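Visitor: Have a look at the structure that comes next, please.
The values are calculated or read from the model by the stated rules, or taken from the named source; none is laboratory data. Small disclaimer: the values here were computed from a predicted structure and weren't measured. Neighbour counts run over all protein chains shown; Cβ positions are idealised from the backbone, glycine included. Note: areas computed on protein heavy atoms with side chains; ligands, DNA, RNA excluded. Shrake-Rupley method; radii C 1.70, N 1.55, O 1.52, S 1.80 Å.
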Amino acid sequence: MILGIDVSTSKIGYCVVDEQQNLIEVNFKKLKEDTLEDKAYEFFHKELTRIKNTYKITHVRIEEPFTMFSGGKTTAGTMSKLQRFNGMVSVLSYICFDIIPTLVPSRSARSRCGIKIKRGENTKLKVIEWVSAKFPKSFVVVLTRHGNPKPGTDDMADSIVVALSHF
């Protein structure tokens, strides 16, 4: 079984897929406003431990944190914080499963899954569409009253793509 994790400092999307590429579990965890250490420990203690006790995980794949500025949306402080938190989640995953996690760049994961994003397209929506088409019964997209995917949907979809990039 492969554990896929999409890390951000406010939410973590995660999934488990089997060797036949079936989606076994997908969810996300909204993290409390707390220190990064507390957030990492909360995820480790509650979710990773439960997953370890439920599934025989053989591979852990984590979306690699971005390393370039993206159009004025990202500061050096934000990038540093995300890198630090991603490292914490990686180490705690290693401690929990005794497996060195594979860090996967998001673009590489999408490419390995055959997801093509054209310039100007909304990457998050394209990934959500691809995942919901691949898993129509087990990945149901719930929309807000404004017609947008509910928060956390993109994190779950990204974790699935990261996990499937193993194949």
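Visitor: Across the range 134-155, what is the total count of residues that are within 18 Å of the chain's Cα centre (by Cα), in a loop (DSSP other than H, G, I, E, B) and not aliphatic (A, V, I, L, M)?
Guide: 6
Visitor: While we're on this one: Take the residues in the range 25-46 that are surrounded by 14 or more Cβ atoms within 10 Å (Cβ to Cβ) and in contact with a strand residue (DSSP E or B) (Cβ under 6 Å, 6 or more places away or on another chain), then tell me which one is nearest to Tyr94 (Cα to Cα).
Guide: Among those residues, the one meeting the criterion is Phe43.
Visitor: Which ones in the range 91-115 are of a type in the set (Lys, Arg) and buried (at least 18 other Cβ atoms within 10 Å of the Cβ)?
Guide: Result: Arg110, single match.
Visitor: Among the residues of the range 61-68, are any within 14 Å of the chain's Cα centre (by Cα), closer than 23 Å to Phe167 by Cα and among the β-branched types (Val, Ile, Thr)?
Guide: Within the range 61-68 (the criterion being within 14 Å of the chain's Cα centre (by Cα), closer than 23 Å to Phe167 by Cα and among the β-branched types (Val, Ile, Thr)), the answer is yes, since at least one residue qualifies.
Visitor: Hey, among the residues in the range 116-143 that are surrounded by fewer than 16 Cβ atoms within 10 Å (Cβ to Cβ) and small (Gly, Ala, Ser), which one's farthest from Gly4 (Cα to Cα)?
Guide: So, considering only residues that are surrounded by fewer than 16 Cβ atoms within 10 Å (Cβ to Cβ) and small (Gly, Ala, Ser), the one farthest from Gly4 (Cα to Cα) is Gly120.
Visitor: Also, quick follow-up: Restricting the search to the range 1-52, which residues are hydroxyl-bearing (Ser, Thr, Tyr), over 23 Å from Val140 (Cα atoms) and within 16 Å of the chain's Cα centre (by Cα)?
Guide: Result: Thr9, single match.
Visitor: Also, I was wondering about something else. If I ask for residues that are open to solvent by 10 Å² or more (accessible area, probe 1.4 Å), within 12 Å of the chain's Cα centre (by Cα) and not aliphatic (A, V, I, L, M), which ones from the range 156-167 would you list?
Guide: Asp158
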